[in-house]
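Before any comments, here is the structure.
The values are calculated or read from the model by the stated rules, or taken from the named source; none is laboratory data. The structure presented is a predicted model; accordingly, all values stated were derived computationally and were not measured. Heads up, the Cβs are rebuilt from the backbone with ideal geometry, glycines too, and the neighbour counts pull from every protein chain shown.
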Amino acid sequence: MKNLVILFFCCISISVFGQTETDKKAVLQALKKQRSDWNSGNIEAYMQGYLKSDSLLFVGKSGPTYGWQKTLDNYKKGYPDKNAMGFLTFGIKKVEFLNKDIAFVLGSWHLKREKDEPKGYFTLLLRKIGGVWKVIVDHSS
């Protein structure tokens with residue numbers, strides 16, 4: 001009986017681990033695509049990584065912003081051209097799954113531009129919707 005219990009928990013652990021690893025790779029791939037879109041100067045493509053909804057929450061130095069369109073407008077205002085956008089890199093510190101459809105990501109960001117190199121940290125909540133991971137909350141500093 002003891003061996004059956006151990007075997008049962010091992011099977012559950014392997015199953016959860018396998019799904020989590022697959023989802024972790026998908027989350028990291030979504031962030032990699034966003035970074036690539038940013039570095040090509042395409043804010044609209046970058047924004048496809050966010051949930052296109054009025055419920056999207058972005059928190060930055062100016063406080064909270066609600067909505068996909070408002071977030072896009074703010075990005076365009078703050079980064080009007082490719083030079084302002086610079087070259088973006090991420091340092092992913094942690095990817096944790098709060099449940100099967102919600103992921104928490106902690107990371108750092110760094111922009112290399114001609115005249116400066118701003119950097120900071122971010123926390124993200126992503127939701128798996130229709131098999132695709134989308135950012136639903138972004139807190140960047």
Query - Residue check, N74 surrounded by 11 or more Cβ atoms within 10 Å (Cβ to Cβ) and over 16 Å from N39 (Cβ atoms) - result: yes
Requested in this report: Can you tell me which residue within the range 113-141, out of those that are among the aromatic types (F, W, Y) and surrounded by 14 or more Cβ atoms within 10 Å (Cβ to Cβ), is nearest to Y46 (Cα to Cα)?
Outcome: W133
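Could you run through the range 87-107 and say how many residues are more than 18 Å from K33 (Cβ to Cβ) and surrounded by 14 or more Cβ atoms within 10 Å (Cβ to Cβ)?
4
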Query - the range 111-127, residues that are within 18 Å of F58 (Cα to Cα) and of a type outside the set (A, V, I, L, M, F, W, C) - result: K119, G120, Y121, T123, R127
Query raised in the report: Which of the residues belonging to the range 101-139 are of a type in the set (A, V, I, L, M, F, W, C) and closer than 15 Å to F87 by Cβ?
Result: W109, L111
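For the range 1-105, list the helices (runs of 4 or more DSSP H) that sit wholly inside it and hold at least 2 residues that are modelled with pLDDT under 95 and among the small types (G, A, S); which are they?
By residue number, 2-39.
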Query raised in the report: Taking G60, is it free of Cβ contacts under 8 Å to residues at least 24 places away in the same chain and either over 20 Å from G41 (Cβ atoms) or surrounded by fewer than 14 Cβ atoms within 10 Å (Cβ to Cβ) (or both)?
Result: no
**Report entry** Test for T123: is it farther than 28 Å from T20 by Cβ and either modelled with pLDDT of 95 or more or not aliphatic (A, V, I, L, M) (or both)
**Finding:** no
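Out of the range 33-52, which residues are acidic (D, E) and buried (at least 17 other Cβ atoms within 10 Å of the Cβ)?
D37
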